[in-house]
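Read through the structure below, which is laid out as structure tokens, and then see the notes.
The values are calculated or read from the model by the stated rules, or taken from the named source; none is laboratory data. Because the structure is predicted, anything quoted here is derived from the model rather than measured. Counting neighbours? That spans all protein chains shown, and the Cβs are built from the backbone with ideal geometry, glycine included.
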Amino acid sequence: MLDWKEIVRQKLAGLALQPEEKREVLEELAEHLEETYQSLLRQGISVEDAAQRAQSEVSDWNDLRRRIHSARAKENSMTNRVTQFWFPGFLTFTISMGFLAVTQKFGPLPLMLRLDHPPVLMFYLPWLVSLPLVGAMGAYLSNRAGGSFRLALSSSVFPVLPIAGLFLVGFPLSLLIEHHVSHNIMVTAFLIALCLWVLFPGVALLAGGLVVRLYGIRLIPSANGSARLQASSSQSKAQ
Amino acid sequence: MIGPGIKRGTAELAVLSVLESGALHGYEMARRIEQQTKGALRFTLAALYPMLYRMEQRGWIRGAWETSNNGRRKRCYRLTAAGKKKLSPLRKEWAELFEALRRLTKVNHA
């Protein structure tokens, strides 16, 4: 008996869709070929001829693969962007900012960095320590949705992007508009604050994201339905 | 020469029309079109599915997995509200085109 699922799977091996979507397409096409084949057999056509005629439904599998990809991927691009970047990005942002707020309210006193003059910079160490996990979550979600390496890492560092924007655009703009910055922030203070609120958190988030992407840590459903963390660097590299 | 736009238009009209009477899976759809047009229109797998996926993405039809009596899973397609809305002007356009061609060929033969 012919295994149409296997035949279709081999013929459309390079179909670049998300795993679940690809599985559904393969199943649907295999079902169509199976029905064609069975119908021909019912008409009294020999097994070999029926198989050949069923397969003649597709004259060029490469062309079919391209057309299926084009039909599904074009319209999916917006959905993909949401699931591969915006959703993980906003989630990491919300969680990291939420944890920062909780740390500020209930956590230990922040590290105080006193400079020569009035500026005093505050920094929350527990928040920084939590960020690799948050970054890893962002990369994992993006990865699971089929996001590329770049998108996964962008989702990881998403929480610092608005802060970076504030520092790099907001302060220069306020200097231009108001000709001074409140609290007498000096260049040194600005750079230190940039490191404390953008660079270090960014590196922490990125570290978590990189671990997920490079070592392929993913949640794999186990046989009993629960989930476990599995690291498979070879799988990740293969992707 | 019938261009790809016209071919695509007739194919879409055929699919929307055949789905108007109820949900069908791909194989049934192809057979129904072939029977109803007495073999004049025949969709191979390679022609049918990319078009179905495109029409689904446009929101004209919606596919859902259903399990048949013999336990086999099949993806059945239904017309959506947008598909029903699309069908009426599409029919009108094609009716106008065929009428225009009929008039033209009559004139030429007269």
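The residues of the stretch A:132-148 that are under 8 Å from the mean Cα position of the chain (by Cα) and part of a helix (DSSP H, G or I), listed by number, are A:Gly138, A:Ala139, A:Tyr140, A:Leu141, A:Ser142, A:Asn143, A:Arg144.
Taking every residue in the stretch B:78-97 that is within 27 Å of B:Glu66 (Cβ to Cβ) and pairing it with any residue that is assigned to a helix (DSSP H, G or I), at least 6 positions away or on another chain, the pairs with Cβ-Cβ distances below 6 Å are B:Leu79/B:Leu19; B:Gly83/B:Leu16; B:Leu87/B:Leu16; B:Leu90/B:Leu13.
Restrict the check to the stretch A:101-119 and report whether at least one residue is farther than 27 Å from A:Glu20 by Cα and at pLDDT 90 or above. Yes, the stretch A:101-119 contains at least one residue that is farther than 27 Å from A:Glu20 by Cα and at pLDDT 90 or above. With respect to the conditions (1) small (Gly, Ala, Ser); (2) more than 30 Å from A:Met137 (Cα to Cα); (3) in contact with a helix residue (DSSP H, G or I) (Cβ under 7 Å, 6 or more places away or on another chain), A:Gly89 lacks only one, and its number is (2). Residues in the stretch A:78-100 include at least one that is without any contact (Cβ under 8 Å) to a residue 12 or more places away in the chain and within 12 Å of another protein chain (Cβ to nearest Cβ).
Listed conditions (1) modelled with pLDDT under 90; (2) part of a helix (DSSP H, G or I); (3) touching a Ser or Thr at 6+ places or on another chain (Cβ under 8 Å) are all met by B:Arg102, apart from (3). Cβ-Cβ distances below 9 Å connect the following pairs, each with a first residue in the stretch A:37-49 that is in contact (Cβ under 8 Å) with a residue 24 or more places away in the chain, a second residue that is among the charged types (D, E, K, R), and a separation of six or more residues or different chains: A:Tyr37/A:Arg53.
Selection of the stretch B:46-92 for residues being within 20 Å of A:Glu21 (Cβ to Cβ), part of a helix (DSSP H, G or I) and among the polar types (S, T, N, Q) yields only B:Gln57.
Just one of the numbered conditions (1) more than 30 Å from the chain's Cα centre (by Cα); (2) at the interface with chain B (Cβ under 10 Å from one of its Cβ atoms) is not true of A:Val47: (2).
Among B:Ala46, B:Ala30, B:Ala82, B:Ala11, which is the only one that is within 14 Å of chain A (Cβ to nearest Cβ) and under 17 Å from A:Arg72 (Cβ atoms)? Spell out how you get there, then give the answer.
Details: B:Ala30 fails: under 17 Å from A:Arg72 (Cβ atoms); B:Ala82 fails: under 17 Å from A:Arg72 (Cβ atoms); B:Ala11 fails: under 17 Å from A:Arg72 (Cβ atoms).
Testing whether each residue is within 14 Å of chain A (Cβ to nearest Cβ) and under 17 Å from A:Arg72 (Cβ atoms) leaves just B:Ala46.
So is B:Glu66 acidic (Asp, Glu), surrounded by fewer than 14 Cβ atoms within 10 Å (Cβ to Cβ), within 14 Å of chain A (Cβ to nearest Cβ) and in contact with a strand residue (DSSP E or B) (Cβ under 6 Å, 6 or more places away or on another chain) or not?
On the way: acidic (Asp, Glu): yes; surrounded by fewer than 14 Cβ atoms within 10 Å (Cβ to Cβ): yes; within 14 Å of chain A (Cβ to nearest Cβ): yes; in contact with a strand residue (DSSP E or B) (Cβ under 6 Å, 6 or more places away or on another chain): yes.
The answer is yes for B:Glu66.
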